[in-house]
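A quick write-up on the structure given underneath.
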Amino acid sequence: MSIAASNTSMRVPAGFRNLLEGLAREVLREQPTDVVAFAAQHFQKLLEQREAGGTDPVAWGAMLEDDRLTWPCSQDLKEAKDMEGEQGTPG
């Protein structure tokens with residue numbers, strides 16, 4: 001029995017992208033032979049840090065992702081650069 005593909009869109013949970021980017025960075029840095037075991041150890045360390053009262057990597061990642069989403073649009077960025085240029089020129 002086959003299941004037809006649906007048009008539902010799935011949302012990536014907040015902080016997930018940041019977690020995966022962090023894992024990918026560490027995998028590229030360490031070049032482990034067993035990536036699955038390495039990933040398990042990586043996430044275990046993050047859990048231990050969170051339980052010890054440190055920063056929650058999911059909450060931190062969600063905040064970083066939110067900052068990226070709220071970054072000024074291109075027009076706002078252009079205006080900010082224009083204002084910066086005007087302030088930097090001698091009068």
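Extension gain, LEU20 to THR8, is 2.0 nm, computed as 0.36 nm per intervening residue step minus the present C-alpha separation. Note on ARG29: accessible area approximately 150 square angstrom, rounded to 10, probe 1.4 Å, nucleic acids and ligands left out.
Here the gap between ALA59 and VAL36, fully extended at 0.36 nm per residue and compared with their Cα-Cα distance, gives a gain of 5.9 nm.
Between LEU28 and ALA52, full extension at 0.36 nm per residue minus the direct alpha carbon distance yields a gain of 5.9 nm.
The values are calculated or read from the model by the stated rules, or taken from the named source; none is laboratory data. The structure presented is a predicted model; accordingly, all values stated were derived computationally and were not measured. The protein model used for the area step is the full one, side chains on, heavy atoms only, and it has no ligands, DNA or RNA in it. Shrake-Rupley method; radii C 1.70, N 1.55, O 1.52, S 1.80 Å.
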